[in-house]
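First the structure, in the form of structure tokens, and then the observations on it.
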Amino acid sequence: MTRYWIIAAVALLWPATVHASNFYVSPAGDDAAAGSLDAPWRSIQKAAGALHPGDTAVLMAGTYREDVTLTRGGTTDAPVTITAMPGARVIISGADLLADGWTKADGIDGAAYAHAFDHVFAINHTRDGRPILTHPADTRHELIGRAEQVIHDGRLLRQVLRKEHLAPGTFFHDIDGKRLYVWLEDNAQTGKKNEVEASARSTWLTSGASFVHLRGITFRYAANFAQRGALALQRPKEGGEGPRGWLVEDCVFERANGPGASLSGSNHLFRRCTFQDNGQLGFGASHCNDTRMEECGLYRNNAKGFATGWEAGGVKVTLSRGFVFDRCRAADNRGIGIWYDIGNENSEVKNCYVADNDEAGIFYEISYGLRAHDNLIVNNANRGEKPYSAWGNAGITLSSSQDCIVENNTLVANRDGIALREQNRSTPRIDGTKSVRVFNKNHLIRNNVVAASQAFNIAFWMDTNFFGGKSDASDAAKPTSEDPATLNIRLENNLLWPLPAHKNYLYGATWRPKSRQFDTPAEFSRDSGIIDSSRMADPMFVDALAGDFRFEPASPALATKSGVAEKADVPQRAPPRP
């Protein structure tokens, strides 16, 4: 009965199609077998090569140490599917187990061992053929920017660049000698040296195919560089739309050396997926249109400590139209939580919980048409890299962007609540329109509750000479930027509650001589010429210290948010961390 139950349960995971086939894969299988439930294949690659529209590869429990290339997809009505068997724990790992062949490392006291290792991870080569081992190639990233990973007892060891720098809990890759050196935590772990794993592959799954479904798979460890996702949905090298119609559900992407994924194409849906503990980003997306992230989590990414002002943190989206986050969580990332950077259009972030990220919670940069609404955004940009984090990193930051709506959000204890950051930036449109200078303009900011910001609740971080020239006259020849009062920036019915002795408003970057700060909406409106109908009052949270940001029945915030805070899909409490 068990076998027939498995077949019936798996059959429910995809729509019925004519001539569809189910193939089975097991780490204990054989690629020369039939690929049936009783005689499964061993490799996912074998199944990937056999899939045709409507077919499904069912992965039995275990760890698959391979990288998969999927060249043939499905159709709208008959996708190809790669799924974990119901109830099975399936891991696709970029690391190999180095079980045998260890020798005691010469000249090192303690639990230090050496193993043959001939993998060289190079992002490019110099003209004379030498491998380029770091990305980006600068002094800060001399070590961070490398791709090697070594794992012992489920923990990543720390890399060093010289053998003599080895210490407990570290590893050294001798490329010329083709040796890998590890120093375990202590001599008591000597017997566990056969549990060491080393990442041997830079990708888990690479594809330019369309209409693919993935379900229930954990992807772990990859020797990939920054800006190179371990799950790679690739556009053609000659350009074009890229893959379409991926559905990825209940998958985990974790501990990649760089980003967990790089996405392109269109009409993808990621549902209940988790991107966590990746070295640079949870994922990156570029030229990725009409794509949705629903109930996904972005946790503790940029574990290696890449420069946050470059590209690091939860996620970075570029040159994409209609990229949506809905009911997602972005928390504890070492950098920005959700970052849209350059040329995005018609983006949306709604019903999300964004908290405890080192830099801004939501950062919308040189792009068009964000709608950020009904989000709970708490304690962002309070521990980031200075001075970068001090310049307009807020719960929500609109940086040199246009036509954005920010409404019905609750923002508490961020460095700044809502910030408009301005600088000399230009950006293209997706339709190929020539890059143009972009100012913050045509924004509507309404019905938000902004409380207890560590600096300002509303901050105009505009680094333009409208607010006076720099003291060194370095921008004297630049034209004076527009008066913000002429840019159609509307502030309506927000509820503001500053910390004691804190100003509500910043108007102009603090290093500009005409920068000003204001206590009340009336003062800000009078001096800036920007009409602001916001109010000041205690929002009366149920228990903010306990992470309960529901409003007491008498709270003035309920009128501000027009009852939106009572909707079931709007986060009101800090959820538990995974």
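The values are calculated or read from the model by the stated rules, or taken from the named source; none is laboratory data. In this text the structure is predicted, and so the values were computed from the model without any measurement. Quick reminder, even Gly has a Cβ in these numbers, built from the backbone with ideal geometry, and neighbours come from all protein chains shown.
Quick rundown of the values:
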{"read-out": "Selection within segment 34-55 - in a helix (DSSP H, G or I) and either under 30 Å from the mean Cα position of the chain (by Cα) or within 18 Å of Thr203 (Cα to Cα) (or both)", "value": "Ile44, Gln45, Lys46, Ala47, Ala48, Gly49"}
{"read-out": "For Asn409: the one exception among (1) surrounded by 17 or more Cβ atoms within 10 Å (Cβ to Cβ); (2) under 20 Å from Gly335 (Cα atoms)", "value": "(2)"}
{"read-out": "Sole residue being within 25 Å of Tyr221 (Cα to Cα) and assigned to a loop (DSSP other than H, G, I, E, B), chosen from Asp31, Asp106", "value": "Asp31"}
{"read-out": "Which numbered condition Phe306 fails, given (1) out of contact with any strand residue (DSSP E or B) (no Cβ under 6 Å at 6 or more places or on another chain); (2) touching a residue at least 60 places away in the same chain (Cβ under 8 Å); (3) surrounded by fewer than 24 Cβ atoms within 10 Å (Cβ to Cβ)", "value": "(3)"}
{"read-out": "Extreme residue, nearest to Ala394 (Cα to Cα), among residues of segment 334-351 that are in contact with a helix residue (DSSP H, G or I) (Cβ under 9 Å, 6 or more places away or on another chain) and in contact (Cβ under 8 Å) with a residue 40 or more places away in the chain", "value": "Ile336"}
{"read-out": "Selection within segment 263-279 - surrounded by 22 or more Cβ atoms within 10 Å (Cβ to Cβ) and at positive phi", "value": "Gly265"}
{"read-out": "Residue that is surrounded by the fewest Cβ atoms within 10 Å (Cβ to Cβ), among those in segment 414-449 that are modelled with pLDDT under 85 and part of a strand (DSSP E or B)", "value": "Val436"}
{"read-out": "Any hit, segment 402-419, residues being touching a residue at least 60 places away in the same chain (Cβ under 8 Å) and under 18 Å from Ala312 (Cα atoms)", "value": "no"}
{"read-out": "Entirely in segment 197-308, the strands (runs of 3 or more DSSP E) that have 1 or more residues that are of a type in the set (Phe, Trp, Tyr)", "value": "217-222, 252-256, 269-271, 274-276, 281-289, 297-299"}
{"read-out": "Unmet criterion (only one of (1) assigned to a strand (DSSP E or B); (2) of a type in the set (A, V, I, L, M); (3) touching a Leu at 6+ places or on another chain (Cβ under 8 Å)) for Leu411", "value": "(3)"}
{"read-out": "Set Glu164, Glu148, Glu142: member being touching a Leu at 6+ places or on another chain (Cβ under 9 Å) and assigned to a helix (DSSP H, G or I)", "value": "Glu142"}
{"read-out": "Segment 150-189, subset of a type in the set (Lys, Arg) and under 24 Å from Gly305 (Cα atoms), residue surrounded by the fewest Cβ atoms within 10 Å (Cβ to Cβ)", "value": "Arg162"}
{"read-out": "Considering residues of segment 190-199 that are surrounded by fewer than 21 Cβ atoms within 10 Å (Cβ to Cβ) and in contact (Cβ under 8 Å) with a residue 60 or more places away in the chain only, the residue nearest to His152 (Cα to Cα)", "value": "Glu195"}
{"read-out": "Of all residues making up segment 458-476, the number that are hydroxyl-bearing (Ser, Thr, Tyr) and within 25 Å of Ala360 (Cβ to Cβ)", "value": "1"}
{"read-out": "Set Asp475, Asp483: member being without any contact (Cβ under 8 Å) to a residue 40 or more places away in the chain and either outside the structural domain of Ala557 (by TED's automatic domain parsing) or in contact with a helix residue (DSSP H, G or I) (Cβ under 8 Å, 6 or more places away or on another chain) (or both)", "value": "Asp475"}
{"read-out": "Which listed residue is of a type outside the set (S, T, N, Q), surrounded by fewer than 20 Cβ atoms within 10 Å (Cβ to Cβ) and either modelled with pLDDT of 95 or more or touching a Lys or Arg at 6+ places or on another chain (Cβ under 7 Å) (or both), from Ala544, Ala554, Ala522", "value": "Ala522"}
{"read-out": "Unique residue being on the phi < 0 side of the Ramachandran plot, exposed (fewer than 14 other Cβ atoms within 10 Å of the Cβ), in contact with a His (Cβ under 8 Å, 6 or more places away or on another chain) and not assigned by TED's automatic domain parsing to the domain that holds Glu254 when the list is Thr139, Thr103", "value": "Thr103"}
{"read-out": "All positions within segment 450-472 that are in a strand (DSSP E or B) and either within 21 Å of Val412 (Cβ to Cβ) or not assigned by TED's automatic domain parsing to the domain that holds Tyr505 (or both)", "value": "Val450, Ala451, Ile458, Ala459, Phe460, Trp461"}
{"read-out": "Breaking point among (1) within 23 Å of Gly242 (Cα to Cα); (2) aliphatic (A, V, I, L, M); (3) outside any loop (DSSP other than H, G, I, E, B), for Val58", "value": "(1)"}
{"read-out": "Segment 492-504 residues that are surrounded by fewer than 17 Cβ atoms within 10 Å (Cβ to Cβ), paired with ones that are among the basic types (Lys, Arg) and not in a loop (DSSP other than H, G, I, E, B) (beta carbon under 9 Å, 6 or more apart)", "value": "Glu492/Arg446"}
{"read-out": "Some residue of segment 485-498 being part of a helix (DSSP H, G or I) and more than 30 Å from Val570 (Cα to Cα)", "value": "yes"}
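For every residue, the table says whether it meets (1) of a type in the set (A, V, I, L, M); (2) in contact (Cβ under 8 Å) with a residue 40 or more places away in the chain; (3) touching a Cys at 6+ places or on another chain (Cβ under 8 Å); (4) surrounded by fewer than 21 Cβ atoms within 10 Å (Cβ to Cβ).
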residue: Gly216; (1), (2), (3), (4): no, yes, yes, yes
residue: Gly239; (1), (2), (3), (4): no, no, no, yes
residue: Trp246; (1), (2), (3), (4): no, no, no, no
residue: Ala256; (1), (2), (3), (4): yes, yes, no, no
